[in-house]
Amino acid sequence: MSFRDLNLKKPLWNALDDLGYHEPTTIQVSGFKVMMSGADTIGIAQTGTGKTLAYLLPCLCMWEFSKEPHPQILIIVPTRELVVQVVSEVELLTKYMNVVVCGVYGGTNMNTQAAKVLQGLDVLVGTPGRILDLASSGSLQLKHVKKVVIDEVDETLSLGFRPQLLNIFDFLPAKRQHMVFSATLSEEVSLFLEDYLITPVRVEAARAGSPIEKIDQLAYRVPNFLSKVTMLRHLIQETPIGSKILIFVSSRALADLLFEEIEANFQDNIGIIHSNKAQNFRFDTVQNFQTGAIRLLVATDLIARGIDVTDVSHVINFDIPESPENYIHRIGRTGRADKNGIAVSFISEKDESALQTIQVLMQHQLMFINVPENIVFTEELLEFEKPKIIIPGKTVKLPQRENRGLSFHEKKAKNKKVNVRYDHKKAMQEKYGKPKRKR
Ligand code: AMP
């Protein structure tokens, strides 16, 4: 099967040729007909399956030139990195078309983005908050939108963007086609979609040959943070020169802490990225990782969604994310596009229950490997790892008030709290004597 077998337009075929893409992936084939028929579509696809092109190709195929300066295609994504990534894919695909694409996201000057939107556009890619702000302020007109894509809807909802999505829907025309993509179809996602999609057709990315099968999933039992740092240093030193290693940590604070611990060991070769870092810093870091200027990147889950870096040889899960979807997203960063990848997870006692859930969902067991003998783990715990002393269920009964006895010292008379009501009449009588009555 080649892209020529899909009923695309010539400019799209040419752009695909330039990109060197010849064979469509499973979701690109199965999704194409459904989306071209105009049906609401739910695509179940992980990152790395070619899902972005799966919705971009039919959207761009159905796009018609219009003099209206307002977008016909609206693509909603959860992170700023994903905005940039999708915009870049649209630009590559529309190399031979007269399509104007614009990306908008929070954390940057809204006026600049509003000015860009007002210049006119065909495709808008954005994060929910910023799209809504622009629509509410009147800079963005959404009444000409025909296609609405929500990419990574599971992540968009779990980030709490539900109200913004609903408000955006209010700005859209009633007649519109939805194309919604999600790594998994959780109950939250299904319930949300039930209310807005009209008899949606479900398409799925291939199970066989999906990233999960191309990735060796290994694990080590490592008891605590400092031991994990030791293990990480060892693994990095063991991996061949030229390998690209993405290290996932579940919180920004831990990512910073880990970076501080290992930065000195791998100077100039390591970067960090999370949502508290400035936007330019984030772009530069991903760019450096992409080009190979740095080969190690410490990242949090939110960022995992937006990074499309080729040739990641290893993903290291410094800890296990609570949600199985995030685990799948993390490891999906390696083993992309016909390459094999390695995902290594460090499992402490705390990670155990999340790991069980993930293994059940994937129907796949991680392969545990013995820690090399020359590696010595410490028992030292950092403050955040120390168990909190809570005596469950123990309630101390306070003595009844009257039986408590005196406090340890007697109060001075002036401090004794005696509520004496001030009687003005009596005080006046004491001062001036009894009032004389008129006869
Ligand atoms: P995605 O799943 O959309 O994040 O895509 C993963 C990567 O695969 C991106 O870098 C795409 O540009 C690339 N890709 C998508 N479709 C194809 C295809 N048919 N052939 C080769 N590479 C592709």
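Using only Cα atoms, what Kirkwood radius does the stretch 126-262 have, in angstroms? If you can, show how the numbers build up before the last one.
On the way: mean 1/r = 0.0524 Å⁻¹.
One over the average 1/r among Cα pairs gives 19.1 Å for the stretch 126-262.
Less than 20 Å from a label point 7 Å out along the Cα-to-Cβ axis of residue 190: which backbone N atoms in the stretch 24-43 qualify, by residue?
So the set is 40-43.
Give 244/386; 95/277; 51/214 a once-over and call out the pairs whose C-alpha atoms are over 23 Å from each other. Display every interim value, and only then the final one.
Numbers: 244/386 33 Å; 95/277 32 Å; 51/214 18 Å.
Pairs exceeding the cut-off: 244/386; 95/277.
In the full protein assembly as shown, how much of residue 201 is accessible to a 1.4 Å probe, in Å² to the nearest 10?
Accessible area, nearest 10 Å²: 60 Å².
Quick one: ranking 62, 367, 179 by accessible area, 1.4 Å probe, largest first, what do you get?
Most to least solvent-accessible, the answer reads 367, 62, 179.
Applying 1/(1 + (r/R0)^6) with R0 = 56 Å to the Cβ-Cβ distance of residue 96 and residue 361, what FRET efficiency is obtained, to the nearest 0.05?
Working: r = 42 Å, r/R0 = 0.75.
The formula returns an efficiency of 0.85 here.
Using the Cα centre as the reference, give the magnitude of the dipole from point charges on the C-beta atoms of the stretch 48-183 (Lys, Arg: +1; Asp, Glu: -1; all else neutral), rounded to the nearest 20 debye. Let's see the in-between values first.
Values: 12 positive and 12 negative charges, 66 e Å.
Roughly 320 debye, rounded to the nearest 20.
So which residue, out of 312, 376, 29, gets the largest mean-square fluctuation from a GNM of the chain using Cα contacts under 10 Å as springs?
Of 312, 376, 29, the Gaussian network model singles out 376 as fluctuating most.
Work out the FRET efficiency for residue 176 and residue 432 from their Cβ-Cβ distance, taking R0 = 60 Å, and round it to the nearest 0.05. Write out the running numbers ahead of the final one.
Working: r = 87 Å, r/R0 = 1.46.
Working from the Cβ atoms, E equals 0.10.
To the nearest µm²/s, what D does Stokes-Einstein give for the stretch 3-204 at 4 °C and 1.567 mPa s, using the Kirkwood radius over alpha carbon pairs as Rh?
Values: Rh = 16.9 Å.
Approximately 77 µm²/s, per Stokes-Einstein.
Highest GNM mean-square fluctuation, the chain, Cα pairs closer than 10 Å: which of 369, 328, 236?
Between 369, 328, 236, it is 369 that shows the largest mean-square fluctuation.
Counting other Cβ atoms within 10 Å, keep those with at most 10, restrict to DSSP loop, and tell me which chymotrypsin sites (Phe, Trp or Tyr not before Pro) in the stretch 1-92 are left. Each step should come with its number before you reach the end.
Numbers: sites: 3, 13, 21, 32, 55, 63, 65; in loops: 21, 63, 65.
Those that pass, being in a loop and sparsely packed, are 65.
With angles folded into 0 to 90 degrees, how steeply does helix 225-238 sit against the dominant principal axis of the chain? Use alpha carbons for both and round to 10.
20 degrees
Have a look at 67, 426, 386 and tell me which one the Gaussian network model of the chain (Cα, springs below 10 Å) gives the largest fluctuation.
Of 67, 426, 386, the most mobile in the Gaussian network model is 426.
Using a 1.4 Å probe on the protein heavy atoms, what percent of the accessible area of the chain belongs to carbon and sulfur?
Working: 12360 of 24070 Å².
C and S atoms contribute 51 percent here.
Accessible area per residue of the chain at 1.4 Å probe, in Å²? It would help to have the intermediate numbers written out before the result.
Working: 24070 Å² over 439 residues.
Accessible surface, normalised per residue, equals 55 Å².
By its C-alpha gyration tensor, with a ≥ b ≥ c as the square roots of the eigenvalues, how is the chain shaped: rounded for a/c under 1.5, else prolate for a/b larger than b/c, else oblate?
Cα axes put the chain in the oblate bin.
Tell me the accessible surface of residue 144 in square angstrom (1.4 angstrom probe, heavy atoms of protein chains only), to the nearest ten.
60 Å²
For 202, 176, what's the largest-to-smallest order of accessible area, 1.4 Å probe? Intermediate results must be reported in sequence, preceding the final value.
Working: 202 135, 176 50 Å².
From most exposed to least exposed: 202, 176.
Mind putting together the pair-distance distribution for the stretch 63-177? All Cα pairs, 5 Å bins, whole percent per bin, short to long.
The percentages, shortest bin first, are 2, 12, 24, 27, 22, 10, 3, 0.
In nm, what is the difference between 0.36 nm times the number of residues separating residue 162 and residue 64 and their Cα-Cα distance? All intermediate terms of the calculation are to be shown ahead of the outcome.
Details: separation 98, 0.36 × 98 = 35.28 nm, distance 3.02 nm.
Length gained, residue 162 through residue 64: 32.3 nm.
Using only the C-alpha atoms of the stretch 215-385, find the volume of their convex hull and express it per residue in Å³. Working shown, then result.
On the way: hull volume 19.5 nm³, N = 171.
Dividing the Cα hull volume of the stretch 215-385 by its residue count gives 114 Å³.
Ordering 204, 260 from largest to smallest accessible area (1.4 angstrom probe), what's the sequence? Before the final figure, lay out the partial values.
Values: 204 80, 260 130 Å².
Largest accessible area first, the residues go 260, 204.
The values are calculated or read from the model by the stated rules, or taken from the named source; none is laboratory data. All figures in this text were calculated on a predicted structure; none of them were measured in a lab. All Cβ positions, even for glycine, are placed from backbone atoms using ideal geometry, and neighbour counts span all protein chains on display. Just the protein is used for accessible areas: all its heavy atoms, side chains included, with ligands, DNA and RNA removed. Shrake-Rupley method; radii C 1.70, N 1.55, O 1.52, S 1.80 Å.
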